[in-house]
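Read the structure below first, then the notes.
The values are calculated or read from the model by the stated rules, or taken from the named source; none is laboratory data. Please read all numbers here as calculations on a predicted model, not as lab measurements. Cβ sites come from the backbone with ideal geometry, for glycine too, and all protein chains shown count toward neighbours.
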Amino acid sequence: MLRFRTLFLTLFISVFGFAGQVYAFDAQQIFQQSCNACHNIGQGPKVGPDLKGVTERRKEDWLLNFIKSPQKAINAGDPVAKELVDTFKIVMPDQAYSDDEIKALLAYIKDVGEGKVAAATEAKPVPQPHGLNPPLSHFYFYVLAILVVTLLGVGLLLDRLYDKKPYLKIFEAKKLIGLGLALVVIIIGGGKLVRGAMQLGYGQNYQPTQPIAFSHQIHAGINKVDCLYCHYAAEKSRHAGIPAVSVCMNCHSHVKKDAPEVQKIEQAMQSNKPLKWVKIHNLPDFVYFNHAQHVVVGKIECQTCHGEVQKMDKVFQWAPLSMGWCIDCHRREQVKVPGPFQGRTVQEAGGLDCNKCHY
């Protein structure tokens, strides 16, 4: 009969190895979504500096603080932060990642720079830390680790008692292993079921294929086209609106007019047929949301709800847009317009009244 300690130690090591691989994968995706637009690893500067060797050039604490809030470092007079701005003429936006996520990201950058892993070539959406739920892989890791440690302890204890108390042989190794595997299946299956039910109806990371390969990174990021130039209804209407093809042709009748995607837009205009864009951000029918109220009165930046669209080559739903996510914002954001509630949170101004959004 195999010894308990050998079996359970093997299982324990396997669980930790699996969790480490998942975490590395998450870091790779974080780099692709949040860093790749501006940084290379070992291929020279891009919009920002080349990140190869950054963990050797800078201390970890400095990197953690700088990545979270570059502007804060600049305001504090950090000479390195100031030098980066003077050199590249751009300030990196704050990144809302945890210390562990940033450390994993730095480890990934180091491995790519040293040639230990290949850099990914396809960007995929990354759930943000303040999204609907934490990554399932981390949840499973902690639960499985606790389960394996518990079974290991019980197995080692019974292993020592076998010779002295024969009746304990009802707890044979195969029975305990079978029980452990059954619990693993129940925990993973139950966890997926519960998380899936919690996310039912939410479209976070939804990224459909559009009729035109329109890049927000090129238009809003590189060329600095203001969001309200195309989505002009956001200041006046409940809906931000989709720009008419004539708005696109204001520029493209002179710029890149021979490009294949521009030709599709021109054909749509000539045939007087609108493009069939696929709506990405959807709310339930029983929810009322007004863009003008948030953009004009609330002075909320587009990126607050839509993420860093100026860095997205292909737009996806960045936020969960769940009820809890909206309520958290109302508890945090302050009223900015003059009046009796100026400087107070939206919650204090009645922003958590059910009838504000459901009527």
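Of all residues in segment 209-257, those that are within 25 Å of GLN293 (Cα to Cα) and of a type in the set (A, V, I, L, M) total 9. Inside segment 221-269, residues that are in contact (Cβ under 8 Å) with a residue 24 or more places away in the chain, farther than 28 Å from VAL91 by Cα and under 29 Å from the mean Cα position of the chain (by Cα) make up a count of 6. What pairs can you find where one residue is in segment 189-217 and assigned to a helix (DSSP H, G or I), the other is among the hydroxyl-bearing types (Ser, Thr, Tyr) and surrounded by 12 or more Cβ atoms within 10 Å (Cβ to Cβ), and their Cβ atoms are less than 7 Å apart, with a gap of 6+ or different chains? The qualifying pairs are GLY191/TYR140. In the set (1) at pLDDT 75 or above; (2) under 29 Å from the mean Cα position of the chain (by Cα), the condition left unmet by ALA182 is number (2). Given the structure, is VAL255 β-branched (Val, Ile, Thr) and surrounded by 15 or more Cβ atoms within 10 Å (Cβ to Cβ)? So VAL255 does not fit the description; no. Only one of the numbered conditions (1) surrounded by 18 or more Cβ atoms within 10 Å (Cβ to Cβ); (2) part of a helix (DSSP H, G or I); (3) at pLDDT below 90; (4) among the aliphatic types (A, V, I, L, M) is not met by VAL85, and that is (1).
Go through segment 272-303 residue by residue and tally those that are exposed (fewer than 13 other Cβ atoms within 10 Å of the Cβ) and in a helix (DSSP H, G or I). Total satisfying the criteria: 1.
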